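Values in this text are rule-based calculations from the coordinates and carry no lab data. If you're wondering where the values come from, they're calculated on a predicted model, not measured in any experiment. Using ideal geometry, Cβ is built from the backbone for each residue, glycine included, and neighbour counts are taken over all protein chains shown.
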Amino acid sequence: MYYYTEDFIYNDLDYNISEKEIEDYYNKHLQDYVLAKTYVKAHYMTMDADVYTYYQERDRLFNSTPEDREDLESYCIGTGRKVYFVEEWTELGDFLHEVKLHNKFDANELLFKSTFEHISGELRYLIKYDDYLTIGDYMPLEIAKEDIVQIILNNRKRDKLIQKQNELIEEGLNSGSVTIKDK
């Protein structure tokens, strides 16, 4: 049945979905896209944990923006420091795992503080949150986009299957090979 529907029913299905169609669906169903987790965009610098005079690095990172990427990368070349940019929306728990911050972190701190630092193992982490979305905020379209594309495709498939079923019933009724009896 699966191969039949894929080969004969969906063979002329339009798989192209425009950005406008995605945006229209998102705006129409916005209430379905409320975040259950906190998401962040950030950039951070790592350096040896034994470095105790790191005020220049700290000031440079904490006063930077994602647009300062090239400047920060060139600042770190050959120094043992590394800078990382998390430019896609990332679930806070995944980000905290990435920066080895395994202790309890209250997402509400993001409302009041955009910079953090800590030591894990042999590395010192200087972290700057560039943007955040907390539980209850609307999910940005860029996070919801893949799901919306699948929903639109599934709706098209469902509609196409119903259309084909109705066409087959109509053909059967017209040819007399199918009769529908009332109970």
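Pairs of Cα atoms in the chain fall into 5 Å distance bins, from 0 up to the last occupied one, in shares of 1, 6, 12, 12, 11, 10, 8, 8, 7, 6, 5, 4, 3, 3, 2, 2, 1, 0 percent.
The residues packed around residue 32, meaning those with a beta-carbon under 15 Å from its beta-carbon, carry a net charge of -3 if Lys and Arg are +1 and Asp and Glu are -1.
Under the simplified labelling scheme, the residue 9-residue 82 pair shows an inter-label distance of 5.0 nm, with each label point 7 Å from Cα along Cα→Cβ.
The mean sequence separation of alpha-carbon pairs under 8 Å and at least six residues apart, normalised by the residue count of segment 39-133, gives a relative contact order of 52 percent. Across all directions, the average projected area of the convex hull around the alpha carbons of segment 85-135 is 3.6 nm².
Counting only Cα atoms, the size of segment 101-183 along its three principal axes is 80, 27, 24 Å, in decreasing order.
Across segment 28-81, counting alpha-carbon atoms alone, Rg and Dmax equal 16.9, 53 Å.
Between residue 151 and residue 51, with labels modelled 7 Å along Cα→Cβ, what's the label distance in nm to one decimal, could you check? Inter-label distance under the simple model: 4.6 nm. Taking every C-alpha pair closer than 8 Å and separated by at least 6 residues, the mean separation divided by the residue count of the chain gives a relative contact order of 35 percent.
If you plug the beta carbon distance of residue 18 and residue 74 into 1/(1 + (r/R0)^6) with R0 = 30 Å, you get a FRET efficiency near 0.15. Note on the chain: with a GNM built from Cα contacts shorter than 10 Å, the maximum mean-square fluctuation among 170, 67, 23 falls on 170. On a 28 Å Cα-Cα criterion, which of the cross-link pairs 28/128; 104/145; 28/160; 82/113; 20/157; 20/41 come out too long? As for pairs spanning more than 28 Å Cα to Cα, those are 28/128; 104/145. Charge tally around residue 44: other residues with Cβ under 10 Å, Lys/Arg +1 each, Asp/Glu -1 each, net 0. Across all Cα atoms of segment 39-133, the radius of gyration (one decimal) and Dmax (whole number) stand at 12.7, 36 Å. Rounded to the nearest whole Hz, the Karplus-based 3J(HN,Hα) values (6.51 cos²θ - 1.76 cosθ + 1.60, θ = phi - 60°) of segment 17-26 follow the sequence 10, 7, 4, 5, 5, 5, 5, 4, 4, 4, with x at glycine and proline.
Most tightly packed first, judged by the mean number of other beta-carbon atoms within 10 Å of their residues, the peptides 96-108, 144-156 read 144-156, 96-108.
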